[in-house]
Amino acid sequence: MLLYPILNKSIGKFFGIIPQKAKYNYDGIATFHVAHFMDDYRFVRAYSKGKETGSWNKGDIPWRAYVACWAASHVKNIEGDFVECGVYRGGLSRTVIDYINFEELTQKKFYLFDAYGPIPLEYVHEDEFKLITRLILNMKMYMNL
């Protein structure tokens, strides 16, 4: 879509922002402020282990991964287990496990769930199907803008 780069550049000029100088610019998220997590050795090491799973193909999702690590580090001492749904190849789980030293949490379990493909329609409730259909239609309308 030709309009997007032109619009993006125009907005950048209007606000005095030069997109190439962003401190962080991955996965549709950009900031011109500091992104210290990208220099955090513990996170970088954990993220590289998650990336080795091939979960993100050729892309990168460090901000999402860091948010998951941040959340996990804040709840690791609360009663209960960890659950991730829609794990694909487990890259995000692997990143979190390394980041919070999950092996030291001997009383906790980490449950990983994935349908490994489309969920069979006989398991989808009618209300869920209507909601998903509405979301897809809205997404198509948004993408056509």
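Within the range 55-95, being over 21 Å from Ala30 (Cβ atoms), of a type in the set (S, T, N, Q) and exposed (fewer than 12 other Cβ atoms within 10 Å of the Cβ) holds for one residue alone: Asn77. For the condition part of a helix (DSSP H, G or I), modelled with pLDDT under 90 and surrounded by 12 or more Cβ atoms within 10 Å (Cβ to Cβ), Gly12 qualifies. Would you check if there is a residue in the range 44-54 being at pLDDT 85 or above and either exposed (fewer than 10 other Cβ atoms within 10 Å of the Cβ) or farther than 27 Å from Asn101 by Cα (or both)? Looking through the range 44-54, none of the residues is at pLDDT 85 or above and either exposed (fewer than 10 other Cβ atoms within 10 Å of the Cβ) or farther than 27 Å from Asn101 by Cα (or both).
Of the strands (runs of 3 or more DSSP E) lying entirely inside the range 23-103, those carrying at least 3 residues that are in contact (Cβ under 8 Å) with a residue 24 or more places away in the chain are 82-85. Does the range 112-132 contain at least one residue that is of a type outside the set (Gly, Ala, Ser), under 17 Å from Ala46 (Cβ atoms) and in contact (Cβ under 8 Å) with a residue 12 or more places away in the chain? Yes, there is a match, as at least one residue in the range 112-132 is of a type outside the set (Gly, Ala, Ser), under 17 Å from Ala46 (Cβ atoms) and in contact (Cβ under 8 Å) with a residue 12 or more places away in the chain.
The values are calculated or read from the model by the stated rules, or taken from the named source; none is laboratory data. Keep in mind that what you see is a predicted model, and the values were worked out from it rather than measured. FYI the Cβ positions are ideal-geometry reconstructions off the backbone, even for glycines, and counts take in every protein chain you see.
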